[in-house]
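Reviewing the structure listed below.
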Amino acid sequence: MRYNDSTMRRIRAGRARFISMAVTYCLGVFNDNFFKQAAMLLAVVAGRSQLQGTATFLFSLPFVVFSAHAGWLADRFSKRNVVIWAKVLELAAMIIGAIGIVTLNWNCIIAMVFLMALQSTIFGPALNGSIPELYPEVYVPQANSLIRAITTVAILLGMGLAGIALDQDWMELAVPFGNALVAVVVVLVALAGVGASFGGHRKAPSGKPRPFPWAGPLNSLKDLFDLKRDPQLLLAISGSTFFYFISLLAVLVVNTLGLKQLGFSMTLTGLLSVSLMVGIGIGSLIAGKMVSIERWTRLLVPSAAGMGVGLILAGVVPAFPREIQLWSLFVFFVLAGTCGGMFLIPIASFIQVRPAPDEKGKIIGVSNFASFGFMMVSGKLFEWLDPLLSPGTIMIVLGAFTVLAAGLLALVLFGGKLFDWGLAFTTRRLLALR
């Protein structure tokens with residue numbers, strides 16, 4: 001996409017701040033995924049696979065309870081300062097998590113998951129609300145695709161290196177060496193993240209300050225219901241909620257599919273999740289080139305359908321010959337992830353651009369509230385499904401549900417056009433019969 005001279009000057013002027021924001025985001029995303037994947041792998045090996053669902057519930061809880069407050073902070077204060085204090089909280093969370101990983105104290109690990117979620121709740125509206133402040137509206141999808149692709153690399157490294165780190169045994173220690181290695185890495189990365197956060201975008205808050213949302217989740221619910229006045233924004237937040245609900249369930253199932261049903265090592269199972277994220281990075285870059293804010297819905301239906309097909313194909317892989325199972329899963333998860341990235345980027349960009357300048361934090365907080373509310377449901381749903389169905393069967397169910405959702409989305413977006421086309425086609429056939 002070509003930009004005029006004034007747009008290009010603004011893009012270049014914001015580049016240094018954008019790089020700092022991206023580095024801050026990437027370090028946090030790496031730490032989050034590296035620690036969570038290590039904890040989930042240890043839980044599965046210890047016969048505590050259902051702890052994945054508990055951890056998912058606790059990770060989602062702060063987004064449900066505190067999203068209204070986080071949105072208020074992002075709109076009321078400098079977003080840069082909010083990001084800095086959120087990274088300090090991440091450092092505290094990682095110290096507690098490191099103790100838990102070294103000692104295999106599951107209470108510490110669960111506490112860290114909750115604190116990291118609280119950090120992410122505060123961090124998200126401030127950082128994501130900074131992108132449309134830093135760049136012109138026309139460049140927001142491209143900026144989002146770049147930051148999503150970069151953070152996808154961080155997620156890949158976090159999820160992929162977690163299993164590899166746990167498998168390491170360089171020297172004899174009083175605790176497993178892999179656990180100690182994970183603990184050291186998460187603390188060092190958190191320290192680096194605090195340093196990077198000081199280079200973020202500085203901008204005074206816009207508009208009149210809103211009253212503090214004392215009711216928390218009730219404020220978020222009210223704000224969500226108020227979105228009925230803006231059907232497009234409500235559709236975008238619904239799409240974001242659906243994406244995170246399905247993607248989290250898929251990630252939880254990947255671990256049990258690899259370790260329990262197919263008997264892969266922790267390293268290979270971690271790489272299966274990596275293949276999903278590779279696809280999301282690819283899809284994000286494609287969407288950044290193809291989508292504009294004016295036509296943000298154009299890729300939603302085909303990308304949702306493709307995501308569902310990829311998950312269905314992954315679910316039938318256990319029936320394949322053993323020698324092609326691993327590579328088949330890589331291909332199908334990359335397909336599902338690519339379609340997921342193409343689905344997510346236009347939605348995220350529209351949610352950032354659509355609200356008024358003094359309500360961006362609030363609306364991003366509402367989106368987080370809805371998305372993570374359903375992620376809490378997905379964690380509990382996984383706990384219920386895990387003992388009842390095989391991981392492959394659960395994956396097929398997820399894929400079928402996603403394809404059905406794509407069909408419903410097509411009716412919402414194109415129902416009137418489909419009706420007009422069907423009426424015109426039927427009329428022509430009747431006239432032809434005459």
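The values are calculated or read from the model by the stated rules, or taken from the named source; none is laboratory data. The shown structure was predicted, so the numbers you read here are calculated from the model rather than taken from an experiment. Here the Cβ positions follow ideal geometry from the backbone for every residue, glycine too, while neighbour counts run over all protein chains shown. When the accessible area is computed, the model is the full protein with side chains, heavy atoms only, and any ligands, DNA or RNA have been set aside. Shrake-Rupley method; radii C 1.70, N 1.55, O 1.52, S 1.80 Å.
In terms of packing, defined here as the mean over residues of other Cβ atoms within 10 angstrom, the peptides 401-410, 365-374 line up highest first as 365-374, 401-410. What a 1.4 Å probe finds exposed on the chain is 70% carbon and sulfur by accessible area, rounded to a whole percent.
Probing with 1.4 Å while keeping every protein chain in the model, the per residue accessible area of the range 78-146 equals 30 Å². With the simple model of a label 7 Å out from the Cα in the direction of the Cβ, A46 to L146 spans 4.2 nm.
With R₀ fixed at 41 Å, the C-beta to C-beta distance from R322 to A192 puts the FRET efficiency at about 0.50. Stretching Q168 away from V184 to a fully extended chain increases their span by 4.4 nm, per 0.36 nm per residue minus the current alpha-carbon distance. Give the shape of the chain as rounded, prolate or oblate, defined through the alpha-carbon gyration tensor: a ≥ b ≥ c are the square roots of its eigenvalues, a/c under 1.5 means rounded, and otherwise the shape is prolate if a/b is larger than b/c and oblate if not. Verdict is oblate for the chain.
So for the range 255-366, considering every pair of alpha-carbon atoms, how many percent are separated by more than 16 Å? Beyond 16 Å sits 63 percent of the P(r) for the range 255-366.
Within the chain, helices built from complete DSSP H runs that reach 18 Å or longer along their own axis (Cα positions) and carry a mean Kyte-Doolittle hydropathy of 1.6 or higher are 177-197, 231-256, 300-315. Summing Lys and Arg as +1 and Asp and Glu as -1 over all other residues whose Cβ lies under 15 Å from the Cβ of F382 gives a net charge of +2. Surface exposure of the range 166-260, expressed per residue as accessible area with a 1.4 Å probe, stands at 51 Å². Which links in K222/K260; K36/K79; K36/K203 stretch past 31 Å when you go from one Cα to the other? K222/K260; K36/K203, as the Cα separations exceed 31 Å there. Sorting 322-330, 132-140, 250-258 by their mean Cβ neighbour count within 10 Å, with the most densely packed peptide first, gives 250-258, 132-140, 322-330.
Counted residue by residue at 0.36 nm each, then reduced by the alpha carbon distance between them, the extension gain from L218 to V138 reaches 25.4 nm.
Packing-based ranking of 38-47, 167-176 yields 38-47, 167-176, ordered from highest to lowest mean Cβ neighbour count within 10 Å.
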